[in-house]
Amino acid sequence: MNMFVKVSQFAGKTFAIWVLLFAAFAFFLPAQFTWIAPYISILLGVIMFGMGMTISGEDFKEVGRHPVKVIIGVLAQFIVMPSLAFALAKGLRLEPEIAIGVILVGCCPGGTASNVMTFLAKGNTALSVAITSVSTLLAPILTPALIYLLASEWLEVSASAMFISVVQVVLLPIILGFIVQRFFKKQVQKSVEILPLISVIAIVLIVAAVVSNSKEKIVESGLLIFGIVILHNGLGYLLGYLAGKLFKMPYEDRKAMAIEVGMQNSGLGAALAAAHFSPLAAVPSAIFSFWHNISGPLLATYWARKADRKAERKAA
């Protein structure tokens, strides 16, 4: 078991490398990975089940302690990134499938990676976890509604079909994971340390499936999509931080807000794109999965070092 825990920790720390490596494999050897595509929703369900196993009652107590902060965070999550996605799609006159893909990832809730990055950045981790939990539980309603509102201009969108998809691949697995945790707490505590390994494998397979099924389109539009993803992610961090500053939140809360808004559950975006649109529409989510696991640690490291220098000056 200890060996699995060490492998899991290593996989979590080197996540971006594995995503890039298998994306390259899928690009140059697409026939070896195309078979994964029908299982994308199942893989995301596995990730969400693991998230449910890590949610505790304490996470929701934070909502009761600081409801205004959590509400501001959730509103920023579902206003900033969808609005940025729509503005980028319109401003850059993206072709329909790419526009849909950018909007899809923008309308997704935050992912658990944001909680880890907030912790490493020495931000308010409890606030980050509370925002992630609430935004994820609201996703079955808000994500399809926002996609329908913003993306219908490019392609026909079925909000009801998407609602069912999000319930199946996000809400139900999280609820099941939470129930398992409540009734089998000791067993879950032993296994929770290997969840990063399972999540890394699942997301890497999702990215490989998307890349292998979209090779030709990536050759045509890959650099454009990559640039849009970097811009979308960076502006998300900036506007999330400014939202915290606007409402006069403490510095640690602003860091949590920035990371929570900027980092998305891109696996959900890929699953929805694959199920309801096209492989190309899933490419922005796949690239986002890779990129935010580079930008997030870079931002967290900057803030952590800044906090350490401040503590050293205070001690001196």
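Mind checking whether some residue in segment 129-141 is open to solvent by 50 Å² or more (accessible area, probe 1.4 Å), of a type outside the set (Val, Ile, Thr) and under 18 Å from the mean Cα position of the chain (by Cα)?
Yes - at least one qualifying residue is present in segment 129-141.
If Met263 satisfies every condition in (1) closer than 18 Å to Leu21 by Cα; (2) within 16 Å of the chain's Cα centre (by Cα) but one, which is the exception?
(1)
Touching a residue at least 60 places away in the same chain (Cβ under 8 Å) and outside any helix (DSSP H, G or I) - does that describe any residue in segment 284-307?
No; the residues of segment 284-307 include none that is touching a residue at least 60 places away in the same chain (Cβ under 8 Å) and outside any helix (DSSP H, G or I).
So which helices (runs of 4 or more DSSP H) are wholly in segment 121-233 and hold at least 2 residues that are of a type in the set (A, V, I, L, M)?
Fully inside segment 121-233 and qualifying: 125-151, 159-166, 172-183, 195-212.
Can you pull out every residue in segment 19-33 that is open to solvent by less than 80 Å² (accessible area, probe 1.4 Å) and under 23 Å from the mean Cα position of the chain (by Cα)?
Val19, Leu21, Phe22, Ala23, Ala24, Ala26, Phe27, Phe33
Just give me the residues in segment 254-289 being closer than 29 Å to Tyr302 by Cα and surrounded by fewer than 23 Cβ atoms within 10 Å (Cβ to Cβ), in sequence order.
Arg254
Which condition from (1) more than 22 Å from Trp154 (Cβ to Cβ); (2) modelled with pLDDT of 80 or more; (3) in contact with a Gly (Cβ under 7 Å, 6 or more places away or on another chain) is the one that Ala31 breaks?
Just one mismatch for Ala31, condition (3).
Give the residue that is modelled with the lowest pLDDT, with candidates limited to residues of segment 142-185 that are more than 24 Å from Met51 (Cα to Cα) and open to solvent by 90 Å² or more (accessible area, probe 1.4 Å).
Glu156
Kindly indicate which of Ile47, Ile42 is open to solvent by less than 60 Å² (accessible area, probe 1.4 Å) and either among the charged types (D, E, K, R) or within 29 Å of Ser221 (Cβ to Cβ) (or both).
Ile47
Just checking, how many residues over segment 199-216 are charged (D, E, K, R) and either open to solvent by less than 60 Å² (accessible area, probe 1.4 Å) or touching a helix residue (DSSP H, G or I) at 6+ places or on another chain (Cβ under 7 Å) (or both)?
Total meeting the criteria: 1.
Considering only residues of segment 217-235 that are among the β-branched types (Val, Ile, Thr) and at pLDDT 85 or above, which is most open to solvent (accessible area, probe 1.4 Å)?
Ile230
The values are calculated or read from the model by the stated rules, or taken from the named source; none is laboratory data. Nothing here was measured: the structure is a model prediction, and the numbers come from that model. Glycine gets a Cβ as well: all are built from the backbone with ideal geometry, and neighbour counts include every protein chain shown. Please note that ligands, DNA and RNA were not included when accessible areas were found on the heavy atoms of the full protein model with its side chains. Shrake-Rupley method; radii C 1.70, N 1.55, O 1.52, S 1.80 Å.
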